[in-house]
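See below for the structure under consideration.
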Amino acid sequence: MASSGRPTRFTALVGDATRIVEVVPLAEGRFQISVDGQSRIVDSRRTGSATFSLLIEHATAEVSVLARGDSYAVEVGGRTHRIRLLDERAVRARGHAVGGGSGEVRAVMPGKVTAVLVEVGASVEPGQGLLVIEAMKMENEVPSPRAGTVKELRVAPGQAVESGELLAVIE
């Protein structure tokens, strides 16, 4: 099956386990999702602001997803799973976060800015929401990588962004 989008790779932290995840958009609401090299086609339909109906190889699941930065609470069948998704850049920088991390905030995947939560000059704490980006039918809050002051905001609500695009600078 031919893909219609570029793959996005993540490292998923689920409890003590680490998984390699690749997501390839195929068509409206359809994705090829590989976890540790095992691929499945997923048909996804939004059923509410944070809920989805998934069809995975003839099995259906109702899923609720709450995102805060790179952390997700995913409820399936009455059980909540806590997942942290790190893009390739975040995995490389993970060891540097203790010292405050980079002040550059970049998009981890293409999407659309739906809200800007801070203003230039605002003081922020590590993990505090800076803006919200809708990507792959999910709204994701983009957190501050460090404590500091918002020096630059390079996006506005409604703006489309590409993976790796500079969104904000914290100094």
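Matching residues to (1) over 13 Å from residue 138 (Cβ atoms); (2) free of Cβ contacts under 8 Å to residues at least 40 places away in the same chain; (3) part of a strand (DSSP E or B):
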residue: 5; (1), (2), (3): yes, yes, no
residue: 11; (1), (2), (3): yes, no, yes
residue: 18; (1), (2), (3): yes, yes, yes
residue: 26; (1), (2), (3): yes, yes, yes
residue: 34; (1), (2), (3): yes, yes, yes
residue: 44; (1), (2), (3): no, no, yes
residue: 61; (1), (2), (3): yes, yes, yes
residue: 66; (1), (2), (3): no, yes, yes
residue: 75; (1), (2), (3): yes, yes, yes
Hey, does the range 95-105 have a residue that's of a type outside the set (Ser, Thr, Tyr), at pLDDT 85 or above, surrounded by fewer than 17 Cβ atoms within 10 Å (Cβ to Cβ) and within 14 Å of the chain's Cα centre (by Cα)? no
Mind checking which residues of the range 119-134 are crowded, with 17+ Cβ neighbours inside 10 Å and more than 17 Å from residue 66 (Cα to Cα)? 124
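Check 64, 49, 71 and return the single one that is among the polar types (S, T, N, Q), modelled with pLDDT of 90 or more, under 25 Å from residue 26 (Cα atoms) and within 17 Å of the chain's Cα centre (by Cα). Working first, answer last.
Values: 49 fails: modelled with pLDDT of 90 or more; 71 fails: modelled with pLDDT of 90 or more.
Just one listed residue meets the conditions, 64.
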Candidate set: the range 36-75, residues that are among the β-branched types (Val, Ile, Thr) and surrounded by fewer than 14 Cβ atoms within 10 Å (Cβ to Cβ); chosen: the one nearest to residue 146 (Cα to Cα): 51
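The values are calculated or read from the model by the stated rules, or taken from the named source; none is laboratory data. Since this is a predicted model, take the numbers as computed values, not measurements. Counting neighbours? That spans all protein chains shown, and the Cβs are built from the backbone with ideal geometry, glycine included.
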